[in-house]
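Here is the structure we will look at.
Only the coordinates and a few stated rules stand behind these numbers; no lab work does. Source: prediction; values computed, not measured. We place every Cβ from the backbone using ideal geometry, glycine too, and count neighbours over all the protein chains shown.
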Amino acid sequence: MTQIAVIGSTNVDLIVEAARRPEAGETILGSSFHLAPGGKGANQAVAIARLGGQVTFFGCTGDDEFGHLVRENLSKQGVQIDNLKIKVGESTGVAVVVIASGDNSIIVVSGANNFVSPAYIDTVRRHILQSDLVLMQNEIPLETIFMVTALCSVEQIPVILNPAPALRLEQSLIDKLDYIIPNEHEARTIFGIDNGLEPLLKRYPYKLIITLGEEGAVYSNGEQIVQIPAIDVQVVDTTGAGDTFIGAFSFAISQKCELYHAILFAQYAAGLSIEKLGAQAGMPTLDQVLKRMKDDGHDIRSILTDLES
């Protein structure tokens with residue numbers, strides 16, 4: 001089985017629901033509170049593990065109770081955490097989510113995620129370079145992404161970047177990445193465009209995959225733009241759907257699926273994830289994804305051949 005390295009963030013989400021947001025200096029009563037493991041890196045690692053992938057997580061937590069919760073959860077989900085470092089005296093990353101008036105507001109305190117640095121990478125370099133595929137996101141320092149991408153480029157290890165939150169990327173980094181997977185809004189920020197996506201997709205065939213929410217995902221095959229639609233589902237909770245897509249795509253690519261099938265597989269995994277409540281709790285298993293694809297009449301023999309090899 002191929003080995004996937006996820007280098008990224010891990011947070012604890014503190015989620016508060018209320019009828020409205022308080023004004024400055026005001027105290028109001030909320031309707032509910034719950035705590036959940038999160039962080040884009042951790043979410044994507046769990047998505048891979050749920051599908052049966054062999055995944056090792058590289059990152060940092062604090063030495064607090066939230067750090068214990070994060071490590072326990074990842075291990076329980078089947079993610080290998082030997083290289084998840086504990087930073088003494090630092091807090092684990094936290095996202096405070098306020099859900100009110102039909103929308104949410106989020107304050108993220110990166111905490112120990114700031115220590116997923118080039119110095120940290122030096123301590124785990126050997127383990128990263130034993131991987132068959134590396135996945136990163138923009139919730140860790142940018143210099144770390146540059147360093148890991150350069151190391152993997154030399155060793156010819158494929159690198160996938162989910163560039164969220166979005167920021168402009170240097171061309172030298174883009175050129176070394178094997179796959180870049182933003183959503184539409186992130187793509188406009190990353191590449192500094194304000195017009196249509198088609199010229200951009202044609203500029204990066206087989207490399208740039210743009211997710212479009214309920215409209216699916218698009219990429220260029222070098223000759224034309226290919227759009228793979230989202231699946232028809234009963235929406236319960238869209239939290240974590242994007243991370244499920246990224247994790248499922250990474251898993252499929254690691255199993256040598258060709259690009260179209262990898263994206264199709266990821267669309268099904270993401271679709272199934274939003275039929276359940278919770279980011280990680282809704283992430284599907286491999287059997288669940290393949291069953292839904294078969295039920296929808298897809299000829300999945302080529303995907304099955306790749307995934308079962």
Rounded to the nearest 5, what % of DSSP beta bridges with both residues in the chain are antiparallel?
40 percent
List the trypsin sites (Lys or Arg not before Pro) within segment 91-193 that DSSP assigns to loop and that have no more than 15 neighbouring Cβ atoms inside 10 Å.
Arg168
Among Thr238, Thr56, which comes first, then next, by fewest other beta-carbon atoms within 10 Å?
Thr238, Thr56
When DSSP assigns beta bridges and you keep just the ones with both residues in segment 164-309, what percent turn out antiparallel, to the nearest 5?
75 percent
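Would you list Phe245, Phe33, Phe66 from fewest to most Cβ contacts within 10 Å?
Details: Phe245 28, Phe33 10, Phe66 22.
The order, fewest Cβ neighbours first, is Phe33, Phe66, Phe245.
Kindly put Ser131, Ser101 in sequence by how many other C-beta atoms sit within 10 Å of each C-beta, fewest to most. Write down the numbers at each step before the final one.
Numbers: Ser131 23, Ser101 11.
Lowest to highest Cβ neighbour count: Ser101, Ser131.
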Given a cut-off of 26 Å, name the pairs among Lys87/Lys256; Lys40/Lys85; Lys202/Lys291; Lys40/Lys76 whose C-alpha atoms lie farther apart than that in the structure shown.
Lys87/Lys256; Lys202/Lys291
So which trypsin sites (Lys or Arg not before Pro) in segment 1-100 are both in a DSSP loop and have at most 10 other Cβ atoms within 10 Å of their Cβ?
Arg20
